[in-house]
Structures are given as C-alpha cells and as structure tokens.
Amino acid sequence: MTQLDPKLHALGDRLEGAAAADLAAGARPLAARRPRRVSRRLAVMVAVLAIGATGVAIAGNQLISTSDVAQSMPAGTLALAGTEPTCTVVTKDVEFHCVLAKAPALEVTDSQGNPAWKGTVEPSVDASKHVNGGCRSLAQDGREWECYIGQAAVDQNIIGQGFLGQPSPTPGVG
C-alpha cells in the first residue's frame with residue numbers, strides 16, 4: 001500500500017493535529033501537574049486509530065483479487081491483449097491459475113509457425129503501471145497460465161529482482 005486513500009490521509013492529519021494540541025495543553029511544569037483523567041478527545045483518537053488500523057488490515061488482505069491478476073496479464077504483455085483471462089486462486093495473494101478465453105497473438109511459434117507458448121514467461125503489471133509479478137504459460141497454444149505476484153515471481157525465475165516494482169507504462173512487446 002504505497003498510496004493511502006485521501007480520506008485516510010486527511011483523518012491521519014486531523015488525528016496528528018489533535019494529539020499535538022493535547023500535548024501542548026498538557027505541557028505544564030512538573031510541580032503544577034496533577035493526575036488527570038484521560039481526555040475524551042484522546043479516547044476518541046485511540047478508538048478511531050484502532051478502527052482505521054483494522055480497516056487498513058482488511059484492505060491489505062483484499063489487495064490482490066482474481067480480476068486484478070487477470071487485468072495485469074495483458075497490461076504486462078501486448079500479445080495477451082484481448083485474450084480475456086479468467087483467474088482462480090491457488091495460493092492467496094501469491095499464486096493464480098489463469099485461462100484465456102481467446103488465444104494470444106502468434107508471437108511465439110515453432111519452426112512450422114505453430115504456437116509455442118509453453119514455458120514462456122511474461123511480466124504482469126498492476127493498475128498503478130508497475131511490474132507486480134509474472135506468469136508462465138502451461139500450454140502450447142498459450143491459453144493456460146500460472147501467475148505469481150511479488151517475490152514469488154522472482155523465486156519462480158519469471159522476472160528478475162530488479163524488475164519487480166519497476167514502472168511499465170505500456171505493455172511489453174516481443
């Protein structure tokens with residue numbers, strides 16, 4: 001999560017300002033201090049932070065959906081444009097099995113001009129246009145793929161460590 005929702009960002013700014021005001025109001029000499037009850041404002045801030053943290057954790061668990069992975073395939077490789085991938089979860093947020101409704105472009109062929117996609121690896125690109133992983137073709141016709149997100153794609157030798165997270169404004173060609 002590199003970019004926060006603007007509402008969460010504004011909430012954080014307000015909480016920070018309220019905390020600073022509370023601290024400034026309590027900055028009296030030690031001798032003048034008396035035991036205080038927890039202010040209502042501080043209690044509300046703690047509750048809001050707890051709820052916000054829970055919301056962020058829930059959002060983090062739902063960042064990589066099957067449709068996100070399906071969209072990331074043609075975003076990473078032009079030959080997969082228009083193939084209408086459908087993906088299912090193999091390992092949550094890490095590995096996905098994807099099937100294309102239409103065969104990819106005849107970019108990878110054997111000596112007779114037949115599709116030869118099996119074993120071919122291609123990067124995947126997320127909605128922010130950064131390399132988020134990659135996929136390996138499981139079939140000669142290129143209609144079945146296993147996709148890995150993040151470090152798993154590096155571990156599978158689909159993309160290099162230095163390529164993960166790099167900007168990719170347009171789908172790759174060739």
*Return the residue satisfying two criteria in turn: it lies in segment 113-159 and is under 19 Å from the mean Cα position of the chain (by Cα) and among the polar types (S, T, N, Q), and of such residues it is nearest to Cys87 (Cα to Cα).*
Ser124
*Can you spot a residue in segment 104-126 that is at pLDDT 95 or above and of a type in the set (S, T, N, Q)?*
yes
*asked:* Looking only at segment 119-156, how many residues end up being outside any helix (DSSP H, G or I), under 18 Å from Cys98 (Cα atoms) and free of Cβ contacts under 8 Å to residues at least 40 places away in the same chain?
replied: 10
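Restricting attention to segment 81-106, which residues are assigned to a loop (DSSP other than H, G, I, E, B) and open to solvent by less than 70 Å² (accessible area, probe 1.4 Å)? Walk me through how you get there before you give the answer.
Going through segment 81-106, the residues assigned to a loop (DSSP other than H, G, I, E, B) turn out to be 81-84, 92-94, 101-106.
Scanning segment 81-106 gives Ala81, Gly82, Thr83, Asp93, Val94, Ala101, Ala103, Pro104, Ala105.
Being crowded, with 16+ Cβ neighbours inside 10 Å and of a type outside the set (Lys, Arg) narrows it down to one of Ser137, Ser128, Ser111, so name that one. Write out each step before concluding.
Values: Ser128 fails: crowded, with 16+ Cβ neighbours inside 10 Å; Ser111 fails: crowded, with 16+ Cβ neighbours inside 10 Å.
From the options Ser137, Ser128, Ser111, the qualifying one is Ser137.
On the given criteria, is Ala75 open to solvent by less than 20 Å² (accessible area, probe 1.4 Å) and modelled with pLDDT of 95 or more?
Working: open to solvent by less than 20 Å² (accessible area, probe 1.4 Å): no; modelled with pLDDT of 95 or more: yes.
No: the conditions fail for Ala75.
The values are calculated or read from the model by the stated rules, or taken from the named source; none is laboratory data. Because the structure is a prediction, the values reported are computed rather than measured. No Cβ is skipped: glycine too gets one built from the backbone with ideal geometry, and neighbour counts run over all protein chains shown. Side chains included, ligands, DNA and RNA excluded: accessible areas come from the protein's heavy atoms. Shrake-Rupley method; radii C 1.70, N 1.55, O 1.52, S 1.80 Å.
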